[in-house]
1. By how many nm would the segment from H58 to R128 grow when fully extended, if each residue of separation counts as 0.36 nm and the alpha-carbon distance is taken off?
2. On the protein heavy atoms, probe 1.4 angstrom, tell me the percent of accessible surface of the range 8-239 carried by carbon and sulfur.
3. Quick check: net charge around V61, other residues with Cβ under 14 Å of its Cβ, Lys/Arg +1 and Asp/Glu -1?
4. Find how many whole Å separate the alpha carbon centroid of the range 52-123 from the alpha carbon centroid of the range 172-244.
5. Shape verdict for the range 8-239, please, from the Cα gyration tensor: rounded (a/c under 1.5), prolate (a/b greater than b/c) or oblate.
6. Could you point to the residue in G235, T190, G171 farthest towards the positive end of the range 157-247's charge dipole, with +1 and -1 charges on the Cβ of Lys/Arg and Asp/Glu respectively?
7. Once R0 is set to 22 Å, what does the formula 1/(1 + (r/R0)^6) return for the Cβ-Cβ distance between R144 and A165, expressed as a FRET efficiency to the nearest 0.05?
8. About its Cα centre, what dipole magnitude does the range 122-186 give when the only charges are +1 on Lys and Arg Cβ and -1 on Asp and Glu Cβ, stated in debye to the nearest 20?
Amino acid sequence: MGRLDGKVALISGGARGIGAAIARRFLDEGATAVVGDVLDDDGAQLLAQLGDGVRYVHLDVTSPADWDAAVNEAVTAFGGLSILVNNAGIVNFGRIDDYPHEQWARIIEVNLTGVFNGIKAAAPALARAGTSSIINVSSIAGLRGYENLAGYTASKFGVRGLTKAAALDLGRDGIRVNSVHPGVIQTPMTEGMTFDTGHVPLHRIGQPAEIAQLAVYLASEESSFVTGAEFVIDGGETAGTVVPPGS
Ligand code: NAP
């Protein structure tokens, strides 16, 4: 028996990285899933790997019409919707006094308004499921500030706040809403970047499959009394600073 038997998920930004790992794990646990992304080639490849229990749709999270179509695909193909994973996100960098308005507007539009769009589009179908779960992928940058990351940090703090507000609004409909706050995870988003993990208690970066394990818990009935909460998954990075080995 799978931990997500009979559940139907919609996962944004799911063609690769953390979203793809969540899709893979959800299917292993008995769910069916609609994966949405702007990277249609990656989406087609994932579809070929995962087989019958998954559909791919082009989903730009900034487009309410795309969201409506994605929710409709879940309902039509799989009979309803019981899990929404707001995972799509982008990152951009720059000192705040040298950070263009366009980059600010874009990151807020994708990382924060994209989550709002998803919740708004999916809420009616999620309510019809009786019990359902929204998982918003924030970041440890939604818990504390990072240099040269003003837009990303603000957007991820916003996701954390939006999660609390949505949990209050939607609890009566049986919809639980929680946020997940990963530390550095090995995905295409972080490819080519170097990270000093000497100060991190577990002394390594994380893997997408480790985020997927947490997502299974939050999507399943195992977390039936959990809503409006934030889940840190960062190898201990925000717990404090350890002395790097050898220093
Ligand atoms: P990723 O590999 O870049 O995957 C994110 C996916 O979202 C990409 O396919 C990306 O496509 C897509 N996307 C971008 N804009 C979109 C839009 N408007 N509509 C729909 N999809 C869009 O990144 P990831 O590392 O798996 O990140 C997944 C989530 O985890 C993000 O919200 C990220 O902020 C968060 N997170 C990641 C880390 C980390 O260290 N990797 C840490 C904390 C939090 P493009 O290539 O076109 O952008």
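The values are calculated or read from the model by the stated rules, or taken from the named source; none is laboratory data. It should be emphasised that the depicted structure is a prediction, and the values quoted were computed from it without experimental measurement. Every residue, glycine among them, receives a Cβ derived from its backbone with ideal geometry; neighbour counts consider all protein chains shown. The accessibility values were calculated without ligands, DNA or RNA, using every heavy atom of the protein model including side chains. Shrake-Rupley method; radii C 1.70, N 1.55, O 1.52, S 1.80 Å.
1. Working: separation 70, 0.36 × 70 = 25.20 nm, distance 2.42 nm.
Taking 0.36 nm per residue and subtracting the Cα distance, the gain is 22.8 nm.
2. Values: 5460 of 10150 Å².
Here carbon and sulfur together make up 54 percent of the probe-accessible area.
3. Details: positive: R106, K120; negative: D37, D60, D66, D68, E109.
Neighbour charge sum, excluding V61 itself: -3.
4. 20
5. Details: a/c = 1.41, a/b = 1.40, b/c = 1.01.
Since a/c stays below 1.5, the shape of the range 8-239 is classed as rounded.
6. G171
7. Details: r = 21 Å, r/R0 = 0.94.
Computed FRET efficiency for R144 and A165 comes out at 0.60.
8. Working: 7 positive and 3 negative charges, 24 e Å.
That gives the range 122-186 a dipole magnitude of about 120 debye.
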